[in-house]
Amino acid sequence: SGTVENHVNQNFDSAGTESDLELWNFHIPQWAPISVLSLPGSTNRVLELRDEEPYDYALAERAFPVSRKATVEFQVLSRKIGMNILEFEIHDQDGRRALRLRFEPSALTLDLMKVEPRPLAFRTNHWHRIKIEFDCEKQSYDLWVNDELAKKGVEFASNVESLERMVFRTGSWRG
């Protein structure tokens, strides 16, 4: 879906497969599958992006209403499978990236574009709560990891008027 009118408030418990997620857009190469599944020992269902593809990546994208200021929250569990990288971005209507978080096996890196990235400690095989409050008027965002403010006033990578989609990807964007 290209545009939506309602804010996202989604879990994956009612989805049988990724095809049940009508408002999501996926890019699924043969060796980078995306699936909805229950983790061992849990009744909750999750969206899994797996990547063993050396030349491509899996991508899951979800639109939200065009916003100049909003909060995006999600939980992530990073495991050592495949290429070991997960990137999260928020884009505007033209695909310009305002921010990128890069989850690696031992660090969470913020893509500041204009300065060196500063990694935050990040544990694999552990759920992390991520919260981002963005403000297009200020051209910045605040980042919380596990309910603790990790970075405040991080400058956007690109100047944008508004934002409207979040992207999860198992590798760096090719452009």
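Each label was represented as a point 7 Å from its Cα along the Cα-to-Cβ direction; for Ala121 and Glu52 these points are 3.3 nm apart.
Accessible area per residue for the stretch 131-175 is 51 Å², calculated with a 1.4 Å probe on protein heavy atoms, without ligands, DNA or RNA. In this Cβ point-charge picture (+1 for Lys and Arg, -1 for Asp and Glu), the chain has a dipole of about 500 debye about its Cα centre. Extension gain, His128 to Asn159, is 8.3 nm, computed as 0.36 nm per intervening residue step minus the present C-alpha separation. Once Rg and the Kirkwood radius are both taken over the C-alpha atoms of the stretch 124-163, their ratio Rg/Rh works out to 1.07.
What part of the accessible area of the stretch 41-81, given as a whole %, is carbon or sulfur when the probe is 1.4 angstrom? Mind dumping the intermediate values first?
Numbers: 960 of 2290 Å².
With neighbouring chains kept in place, the figure for the stretch 41-81 is 42 percent.
Lysine pair count for the stretch 1-156 with Cα-Cα distance under 28 Å and sequence separation of 8 or more or different chains is 15.
Protein heavy-atom accessible surface, 1.4 Å probe, per residue over the stretch 25-89: 54 Å². Coupling constants for the stretch 146-158 follow from the phi torsions by the Karplus curve (6.51 cos²θ - 1.76 cosθ + 1.60, θ = phi - 60°), and in residue order they are 6, 6, 10, 5, 9, 8, 10, x, 6, 5, 4, 6, 9 Hz; glycine and proline get x. Compared with the alpha-carbon gap, the fully stretched path from Glu73 to Ser172 is longer by 33.5 nm at 0.36 nm per residue. Here the relative contact order of the chain, from alpha carbon pairs under 8 Å that lie six or more residues apart, stands at 24 percent. Here the simple spin-label model places points 7 Å from the Cα toward Cβ, and for Thr43 and Arg96 these points are separated by 4.7 nm.
Count Lys and Arg as plus one, Asp and Glu as minus one, and take only other residues whose Cβ is under 9 Å from that of Gln93; the net charge is then -2. Rounded to the nearest 0.05, the FRET efficiency derived from the C-beta distance between Ser106 and Phe26 at R0 = 41 Å is 0.90.
First measure r as the distance between the Cβ atoms of Ser14 and Asn146, then evaluate 1/(1 + (r/R0)^6) with R0 = 30 Å and state the FRET efficiency to the nearest 0.05.
The computed FRET efficiency comes out at 0.70.
Applying Stokes-Einstein at 10 °C and 1.306 mPa s to the Kirkwood radius of the chain, computed over alpha-carbon pairs, gives a translational diffusion coefficient of 95 µm² s⁻¹.
In the chain, taking the dipole from charged Cβ atoms about the Cα centre, the farthest positive-side position among Ala58, Trp24, Phe88 is held by Phe88.
The values are calculated or read from the model by the stated rules, or taken from the named source; none is laboratory data. Nothing here was measured: the structure is a model prediction, and the numbers come from that model. No Cβ is skipped: glycine too gets one built from the backbone with ideal geometry, and neighbour counts run over all protein chains shown. Each accessible area value is taken on the protein alone, full model and side chains, heavy atoms only, with ligands, DNA and RNA left out. Shrake-Rupley method; radii C 1.70, N 1.55, O 1.52, S 1.80 Å.
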